[in-house]
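For reference, the structure is listed below as structure tokens.
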Amino acid sequence: MIFSVYQTSPLYICHSKILDMNKLFIFLFTIVIAYPAFAQTQASSPANATMSAVKLPDLDKSPMDMAYYPANYPVLKIQDKASEPLMARVIYSRPQKEGRAIFGGLVEYGKVWRLGANEATEIELYKDVKVKDKKLLKGRYTLYAIPTATQWTIIFNKDTDIWGAFKYNEKKDALRVDVPVQKVADSAEAFAITFVKSAAGADMMMAWDDVIVTLPLSFK
């Protein structure tokens, strides 16, 4: 009987309301603290992602490109028109002239050049080849060049996945060859590499501004 009176007394009712308000305060406080984290999680989830919330890279001024021998090999492959096996693939970036003096200016004579822009150019050889009668084993190499007004020294280096030529290590060279410079009347705005079929295999041609350099590769 005493217990029943105590439960229904004004003091007990007041005490109960205080407890209920404390619980409500704790509940609201928890929501306030937890909501920012919840909202951030929702915003960062793939289902709720927006372009403004994702840091996308800008289009590079020197876009990356590929050159194959045989030329356009991936397209020929899916069309069942490839008459030769894949022999070589070059991955490189294509800087633009943009009115600048290139060789002897932007690309200094007598210094190691990444043979493009950004990451140093790389070549993948899918079988052993001869480069100007010098044997080179199949594999992946970084390509560098040391240009002068009359010839380029083309370097095949074993140290791959390199940005620029700042960490070039001559001790890791696999092969060096010298090739002549051909000056032409017209001009290429963007640096380009392509392969042209030859009697012995293919010529890897590099062109920029008013210069073309040809590197002969023999697959025989």
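Couplings for region 171-179, taken from phi via the Karplus curve 6.51 cos²θ - 1.76 cosθ + 1.60 with θ = phi - 60°, read 5, 9, 5, 9, 6, 9, 9, 9, 10 Hz in order; Gly and Pro are left as x.
With N as its number of residues, region 64-218 has a Cα radius of gyration that, divided by 2.2 N^0.38 Å, comes to 1.01. With 0.36 nm allotted per residue and the present C-alpha distance subtracted, the Leu86-Asp161 stretch has 24.8 nm of extension available. For region 70-102, backbone nitrogen atoms closer than 17 Å to the point 7 Å from Lys197 Cα along Cα-to-C-beta are found at 70-88. For the listed residue pairs Lys55/Lys111; Lys111/Lys134; Lys132/Lys167; Lys167/Lys197, the alpha carbons are over 32 angstrom apart in Lys55/Lys111; Lys167/Lys197.
Highest-first packing order for the peptide set 138-147, 121-130 is 138-147, 121-130, based on the mean count of other beta carbon atoms within 10 Å.
Every number here is computed from the coordinates shown, using simple stated rules; none is lab data. These numbers were taken from a predicted model, which means no experiment stands behind them. A quick note on method: Cβ atoms are made from the backbone with ideal geometry, for glycine too, and the neighbour counts reach across all protein chains shown.
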